[in-house]
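Engineer: Quick one: the structure is below, and I'll ask about it shortly.
FYI, it's all coordinate maths here, none of it is from the lab. Note that the structure is predicted; figures quoted are calculated from it, not measured. Cβ coordinates were reconstructed from backbone atoms using ideal geometry, including for glycine residues, and neighbour counts include every protein chain displayed.
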């Protein structure tokens, strides 16, 4: 009886059944996954249907701190002036109202839709003026330029600004109000003027002489009731106390005519209602929002007239002529005066100038806020209304300004002197995608890549199934094709669990038991088997040793190796012929204090830096400045052992300092720390890490009153054309002669992220004081027009030129004390990397010191205990460049490459490999001398051969001692070659 054949047949049948079930389940799951991934980017943009926060330990959230990120953008409000007409407005280079102004009142992500209201003098009671002029207005402490309550404020007419503000706690728009006493130069946020359960924006405020009260037309389309709401407040309550006066349902015959069947019962949505008094009546513009998917224009402009704002609104006859719209059925909407996305949506307060009616319009032809248009009505009468573009205001398109990408709202008014002033809003992003890119872009790319892989493997599996199951069949059930037998043979070789043991199919045994299959022998020669055994033991030794080094680096001793320093164009260390000698040196630097500071996106880098300071400089005072942490991060930093946290006083400096891209805060922080922290300060960027004691740095600082480290590139080779920013702006600001600039421009940078000063030293006066002056002047020095990281190195350019100009020899040589290559430091963070003291880790992974961070025992990081309200930084550019999936994978690949170099050049690792190898040899020898049971419970024969009935004829041969020794010697020679080679490539 052929027992083996019967067992093989049963095994093959069971294998095929399980295979069929697995394939079906696999295809169903893959199709479902592909469907989800296909729908994902179409739902809830930009995050998609599958959320990153589902897989995060802490839910991804916009946060509750002022200026926290918002996918809707980061709108700000600027000041505009025009003389003698409103057709040529000059928009301020810096905003006058931002989310930071509201920090101590309401945490918002942005402010937008500003309306300027200058009350008629006779409409502002003296008691109201006294309230704002002499009341308690100093609570905010942030964003107020100048002393609001001093000087001529008592006689000044207050200006009010009403605007949309995105409340981060409720995550909807509310209406805020601010006051200015100096003609709009600076503003003080007073509070929330109006809040509803639904989103609010476009707070058009005016004074109604008929009712003797203030009226507000706010955008309330999110109430979903088809109404235009009119709010009012009294003279005594203004600018607060707003109450709903009316819900207006305009006579709009176009909505029922264009509403589709699936919009049955849906009310119309009206936005941006803007009335203006012209020719003895009110002209009221409003915009109905349509659905392009329903063949409706996105925006349709409607016009009404009224004798009183709270009276009857009459549709202007021009509405009944309709408006051209390419996407509408028939190419025209039946009701409205404009359906062009370039001009149909209102963009601010209409006004009258030189007898003509002007209206602001948003250009939304490509995206929201593309540009701002000023429309002039050329024909305005009882039967016709026609207008054309009188002026167009574009965003700056420089990728850096506060209004670089979007403009969509303006309100300008004529002053008694004939000039025009007002407020405009803008956004430096085309949308909120910059925040999305910095946080979730890699996940979106991962989902897109996964979709491609799922579809690809479905295609491959489909082809395989077609080959296997397509007719005709053979007796075994597999398709007779060129590849069918090979697939069948492959499946028949599957190793399956049976009765608690591993059993091979009979087909597999028949091919390998004897050594015959078409004359091919499954057994190798004895020497080949011995080599295979030795190779296996070598591989195990390498894998175990590398694993131990990766996860337990303290167990593998790695002495330093020679570092190869790439040559500079000339001397690697620029020492002046006559170095400046500080007559007051040497200085006492025993109270050296390390100072640093960064924003929320650099928290992991800060943890790494602080932990390295705790390890290598445990007795050194460390001060961290809050440059934009979240409240949760601030609470966490308070719990770090030996760390002092301080708030950077943004309100004391010009608004450009708040823009972290200008790096103006750095030099100002140096100066601030010398005044209020210590007389000896060493600034270290958050992206650095200490790699040894600070002794050599302190010695240079004591001898010269200043210390820095040399960095690659030079001011004269930055940007294109080379040195353009440095020569055109920084040189002129410091009044260097052309000859002097030519002398110093090609000297290497002194790193801006590593700067030490002694208070009162010559370096303080000759380097830091001019640097502070540069930091306070945006246009002429620190952040000139067109600045970006490719063209300008900001504080580093300025400080380097000052150091070289004054012939200081305080830039320590590159690679001797500092390095920007993480493979040149030891893998074990607790082992010295001497002579390197500081390494630049930046975005690179891993952050080796984070696991060593020391915290106060039982400290609570509850944000409610924070000493101040935080202002989150909106700037993400420094992390965007490393936010994509490819960059993230590249960062981790770089970490693996670093580890490969560090481990390959580690002498201790090669010794460990030899030890593990010989331990395996000894264990193997002991197995021969003292036989153990096999894994199936059967005793082994001498030499390790099984007495099992399925034992292979290919019995493992014992490698000779000579072969083992030869393998060990070969590994030793390879180790020496690898150590020598990797020591040079770093």
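Engineer: Residues of region 282-304 with amide nitrogen under 18 Å from the 7 Å Cα-to-Cβ point of residue 365?
Structural biologist: Label zone hits: 297-301.
Engineer: Now a separate question. Counting other beta carbons within 10 Å of each residue's own, what order do 75, 255, 187, 54 fall into, fewest first? Can you show the working numbers first?
Structural biologist: Details: 75 32, 255 22, 187 29, 54 8.
Going from sparsest to densest Cβ surroundings: 54, 255, 187, 75.
Engineer: Could you work out how far apart the two model spin labels at residue 551 and residue 590 are, taking each label as a point 7 Å from the Cα in the direction of the beta carbon, and quote it in nm?
Structural biologist: 4.7
Engineer: Additional query: Could you work out how far apart the two model spin labels at residue 44 and residue 789 are, taking each label as a point 7 Å from the Cα in the direction of the beta carbon, and quote it in nm?
Structural biologist: Here the modelled spin labels are 3.1 nm apart.
Engineer: Could you order peptides 363-375, 579-591 by the average number of other Cβ atoms within 10 Å of their residues, highest first? List each step's numbers first, then the result.
Structural biologist: Values: 363-375: 19.2, 579-591: 13.7.
Descending packing order for the listed peptides: 363-375, 579-591.
Engineer: Of 536, 211, how do they rank once you tally other Cβ atoms within 10 Å and put the fewest first?
Structural biologist: Details: 536 11, 211 14.
Neighbour counts put them in this order, fewest first: 536, 211.
Engineer: At a 10 Å Cβ-Cβ cut-off, how would you order 810, 695, fewest neighbours first? Spell out each step's value before the answer.
Structural biologist: Details: 810 23, 695 9.
Ascending Cβ contact count within 10 Å gives the list 695, 810.
Engineer: Further question: I'd like the distance between the alpha-carbon centres of region 406-424 and region 640-688, rounded to an integer number of Å.
Structural biologist: 36
Engineer: Find how many whole Å separate the alpha carbon centroid of region 696-769 from the alpha carbon centroid of region 210-258.
Structural biologist: Going from one Cα centre to the other spans 60 Å.
Engineer: Among 595-601, 343-349, 896-902, 858-864, what's the highest-first ranking by average C-beta atoms within 10 angstrom per residue?
Structural biologist: On the way: 595-601: 23.9, 343-349: 26.0, 896-902: 16.6, 858-864: 12.1.
Top of the packing list down: 343-349, 595-601, 896-902, 858-864.
Engineer: Efficiency by 1/(1 + (r/R0)^6): what FRET value for residue 695 and residue 452, r their Cβ-Cβ distance, R0 = 60 Å, to the nearest 0.05? Please list the in-between numbers first.
Structural biologist: Details: r = 54 Å, r/R0 = 0.90.
Result of the calculation: an efficiency of 0.65.
Engineer: Calculate the all-directions average of the projected area of region 321-390's alpha-carbon convex hull, and give it in nm².
Structural biologist: Working: hull surface 20.6 nm².
Over all viewing directions, region 321-390 projects a mean Cα-hull area of 5.2 nm².
Engineer: Over 25 Å, how big is the tail of the calculated P(r) for region 593-873, in percent of all Cα pairs? All intermediate terms of the calculation are to be shown ahead of the outcome.
Structural biologist: Details: 17760 of 39340 pairs.
Tail of the P(r) past 25 Å holds 45 percent of the pairs.
Engineer: Region 370-391 to region 888-906: how many Å between their Cα centroids?
Structural biologist: 63
Engineer: Quickly rank 540-551, 735-746, 719-730 as a protection proxy: mean count of other C-beta atoms within 10 Å, highest first.
Structural biologist: Working: 540-551: 16.3, 735-746: 14.8, 719-730: 18.2.
Output ranking for 540-551, 735-746, 719-730: 719-730, 540-551, 735-746.
Engineer: Okay, next question. Among DSSP beta bridges lying fully in region 593-873, give the percent that are antiparallel, nearest 5.
Structural biologist: Rounded to the nearest five, the antiparallel share is 40 percent.
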